[in-house]
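Data first, discussion second: the structure below is written as structure tokens.
The values are calculated or read from the model by the stated rules, or taken from the named source; none is laboratory data. Just so we're clear, the structure is a prediction, and the values are computed from it rather than from any experiment. Backbone-built Cβ (ideal geometry, glycine too); neighbour counts: all protein chains shown. The protein model used for the area step is the full one, side chains on, heavy atoms only, and it has no ligands, DNA or RNA in it. Shrake-Rupley method; radii C 1.70, N 1.55, O 1.52, S 1.80 Å.
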Amino acid sequence: MSDIEDMLHEATCPACGHHVAVTFFTGHQPLATIAWPASAEEALSMKLLPLDFMRCVDCGHVFNIAFDYEAVPYSQKPNLMFNKGALWSGFLTGLRDNLLKRLPERPVVVEIGHGDGSFLAALADERPNGRYFGFDPNGASTGGGPVTLRAELFEPSRHLAEIKPDLIITRHVLEHLANPLGFLQRLSFAAGQSETGCLIYLEVPCIDRVIETGRTVDLYYEHNSQFTSNSFSRMLARCASRVEEIGHGYDGEVIFGLARIGGSPAQVAIAAEATLYGDAARRAERVIRQQLASLHSAGRKVAIWGGTGKSAAFMNRYGVDAMRFPIVVDSDPAKTGTFVPGTGQQIRERDWLLANPVHTIIIPPQWRAADIVAEMDQDGIAVRRVAIEHNGRLIDYFNDPHPYRQTSGAEQWLESAAAPLARASTFDDRKARYEYVDDRSTPGALAGRPAIPASCGIAAAGPSRRQRSGAQISARQPAVHARGDRRGRNAVLRGPRRPSRLRRGPQQPG
């Protein structure tokens, strides 16, 4: 067991995606099939390339983790298979007939990696009313009749929608790829996206006998992926909506499969959702940058709560620079005196806000907002606005609807108290709902409600019913309050008393 432990590696299997493999075969060799040296000197001077073949412990696939596709000059010497033997020719004839039985009278066929184009030509000879397309940047470029050969790579999303094939063929191509599973899954996804589901025929060398007999000549650099029957079947199952046939040919030296691709609308839906998210994120960046610019141009003093992690990500994405927004505080005293990654503000302790009140506190980690608001309430930190990011813009934590209010204990009361206000107002309302009291001069008295200009980007909601009726009430903010500072140092937001002391909920607007 100790020998196996020493040979284990974390390596992603290109056939099934498993991440544990064991050393299988190692060495160094020059290119074996692509480079045809013109002299003995050239042959002897060829670069030796690493063979570091691993075997997946889950599906049994064998693959070279040292493989580099760029090290194989296919453009200089195409990898054209040569085998004119009777057994091989018989296998190809049987394959041709088997495929034609599954196709309509006027089939549309695509071959990826057509090589010399001979197999497509054989299909066209038997069924000349069809259309046959070959894609190979290094293969034959001259077709004839119904056969069109393109010296280009097959692009699944573009070419499937353009050609709408009945059948896709790829023979002796996958063993040359660094990620055959990824290629096939992309192909299957594109078929589902374009609603051009079709049959696919895959054929690769099979190394079952290599493992049984211990032969090593099959393991050379150009063949990065070496398929066993199990690894080939596992790969096909991970990319096809239905596997129709798997078999062996040429006395077991090749394995082939016929399957249908393009049957995963769930994948297409997830991709569409991701695209919408990306579009929304780009719009949000424009909107929030504009809101921040409006806050700055309106002269609003702003503090960012949190200096690392999500807060640092927020500041870097939305351009919260140290010149316009120098104030950053954090709940964690260990971060005090350090600086925000990427933007450079020095992080202050949260209690700095007691002696230096600000107009707006922005809390980037929305999921922490309820805890931070409770901290502010506990320590008497006064503020007119608490803003969070939600649905692509900065919103008012108290008055706008969002999912970040807690629903247990005191927060349950806070949520129920804030709900009517959330329904009655939006972040774009233009009248102040909060009031300040300066307990240094007139403890307990109203300090007035300065209007918040629309240009600042974060506006307040309208007055409550009790304000409209003339009732003397010091604030209309049910979701947080700040107590008067007994030391008389700062202006504080008046509001309902702390939930733990409440006998009844505050009055709400109708």
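For the stretch 169-275, the Kirkwood estimate of the hydrodynamic radius, built from every pair of different alpha carbons, is 14.7 Å. Stokes-Einstein diffusion for the stretch 1-160 at 20 °C, viscosity 1.002 mPa s, with a Kirkwood radius from C-alpha pairs, works out to 112 µm²/s.
At 1.4 Å probe size, with the rest of the protein present, what percent of the exposed accessible area of the stretch 220-289 is carbon and sulfur atoms?
Answer for the stretch 220-289 is 55 percent, counting heavy atoms of protein chains only.
The H on the amide N of Val204, modeled in the peptide plane, is under 5 Å from the matching H of His172, Ile255, each at least 5 residues off or on a different chain.
Distances between placed amide hydrogens fall under 5 Å for Ala387 paired with Ile361, Ile362, Ile363, Tyr397, all partners being 5 or more residues away or on another chain.
The H on the amide N of Gly134, modeled in the peptide plane, is under 5 Å from the matching H of Glu111, Thr148, Leu149, Arg150, each at least 5 residues off or on a different chain.
For the stretch 286-391, the pair-distance distribution built from all alpha carbon pairs, in bins 10 Å wide starting at 0, is 15, 54, 30, 1 percent.
Post the alpha-carbon centroid distance, the stretch 266-344 to the stretch 222-264, in whole angstrom. Here the two parts' Cα centres lie 48 Å apart. Taking all protein chains into account, the per residue accessible area for the stretch 1-57 stands at 63 Å² (1.4 Å probe). Convex hull volume of the C-alpha atoms in the stretch 243-344, normalised per residue: 199 Å³. Ranked by solvent-accessible area (1.4 Å probe, protein heavy atoms only, all chains present), the residues Met7, Met315, Met46 order from largest to smallest as Met7, Met46, Met315. Site pair Ser157 and Glu244 shows an inter-label distance of 2.8 nm when each label is modelled 7 Å from Cα along Cα→Cβ. With viscosity 1.567 mPa s and temperature 4 °C, the Kirkwood radius over alpha carbon pairs of the stretch 71-183 converts through Stokes-Einstein to a diffusion coefficient of 88 µm²/s.
The separation of the stretch 1-59 from the stretch 119-161, counted between C-alpha centres, amounts to 33 Å. For the stretch 321-404, the carbon plus sulfur part of the accessible surface works out to 53%, probe radius 1.4 Å.
Computed from backbone phi with θ = phi - 60° and the Karplus coefficients 6.51, -1.76 and 1.60, the 3J(HN,Hα) list for the stretch 104-119 is x, 5, 10, x, 10, 10, 10, 10, 8, x, 6, x, 7, x, 5, 6 Hz; x is used for glycine and proline.
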